[in-house]
Amino acid sequence: MSSEKTREWDHFTEKEMDYFERQYFEPYRSTIAFSEWLERKDCLNASKKAKVLDIGAGMGEATQFLAQRFSNANFTGLELSRHLVEKGNAALRSTERTNALLIEGDIFKLREKEFGPLDGIISMQTLSWLPEFKTPIEKMISLGPRWIALTSLFYDGPVNAKIEIQDLTSSTAERPYRESFYNVYSIPLVKELFFDHGYTDFHYDPFVIDIDLKKPSNGGMGTYTERLADEKRIQVSGPVLMSWYFILAKKKKN
Ligand SMILES: C[S@@+](CC[C@H](N)C(=O)[O-])C[C@H]1O[C@@H](n2cnc3c(N)ncnc32)[C@H](O)[C@@H]1O
């Protein structure tokens, strides 16, 4: 599977740049909840030294939030888009954060143990936007981290959904719409893949948002919330139910 298939990730509209930039001022609820979850799961804390790779780091907006919270850990953000890497490193420099840096790279082209010993790999809001989960997870595993933690769209059952979106509220140089995946991966299948590679300590939890988000007025893609009869919120984007989960796979200790 080549990176060309990740589509549209090399040119960004104003709306997409806003997605990255505004998180520098206001971190997403999911990023805050994920950082708390990582701490509860004993992956990171404020005093722990750790070397962490963040795959699909965007402008490093979520990376810098974690770097601030876990200030003794060192974060490298791997990102496909050179534009985002340059903008993100400039933004990181302005925060004077010294424990986070972005580099340009493609998850599909990672080489075994490329980054030396790693404590952890995180990847936030990225896996579901790739063509499939198996190759990217195997690439993460090939780097040999002790643990891998992901936020993406998952389903707690034996069903895997490949979803291709064409959003007509946005266009690219080639098409009058914007294409992207919103894949929902089967948790039992993901768990089995990790098990097969020795990551047998597996945890997952749904992420339930605690604030209301408005539906985009143009009806295009963009996460908003609806309330169920029991007042619980669900997240929706265009025609897709956003079934967010946090997933953690740890190598069994020898
Ligand atoms: C939805 S954004 C998430 C950004 C950030 N992790 C966050 O939570 O805000 C997904 C990111 O993955 C990057 N990406 C897509 N395909 C990639 C690949 N093959 N290798 C590395 N990064 C990739 C995109 O350029 C984009 O910045």
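Bear in mind that the values in this text are calculations on the coordinates, not laboratory data. Everything quoted here is computed from the prediction, not taken from an experiment. Note that we place each Cβ from the backbone using ideal geometry, even for glycine, and neighbour counts take in every protein chain shown.
Brief remarks follow.
- Set of aspartates and glutamates near K251 by C-alpha distance (under 19 Å), chain-local residues within fewer than 8 positions excluded: E39, D42, D54, E112, E114, D119, E138, E192, D196, D201, D205
- About the Cα centre, charge dipole magnitude for region 49-113 (Lys/Arg +1, Asp/Glu -1 at Cβ), debye: 220
- Taken about its Cα centre, the chain carries a charge dipole of roughly 700 debye when the Cβ of each Lys and Arg holds +1 and the Cβ of each Asp and Glu holds -1.
- About the Cα centre, charge dipole magnitude for region 76-170 (Lys/Arg +1, Asp/Glu -1 at Cβ), debye: 200
- Between amide H atoms placed 1.01 Å from N, distances below 5 Å from A73 occur with A50, all of them 5 or more places distant or on a separate chain.
- Put simply, the chain fits an ellipsoid with semi-axes of 26, 22, 20 Å; these come from the alpha carbon gyration tensor as the roots of five times its eigenvalues, largest first.
- Proximal charge balance of T200 [Cβ under 13 Å; K/R count +1, D/E count -1]: +3
- Residues whose amide H falls under 5 Å from that of L44, counting only those 5 or more places apart or on a different chain, are E39, with hydrogens built in the peptide plane.
- In the chain, the DSSP-assigned H stretches of four residues or longer account for a calculated mean residue ellipticity at 222 nm of -7500 deg cm²/dmol, using -39500 (n - 2.57) per stretch and the full residue count as denominator.
- By DSSP, the beta bridges lying fully in the chain are antiparallel in about 55 percent of cases.
- Long-range HN-HN contacts of L78 with modeled amide H, under 5 Å: D54, I55, G56, A57, I103
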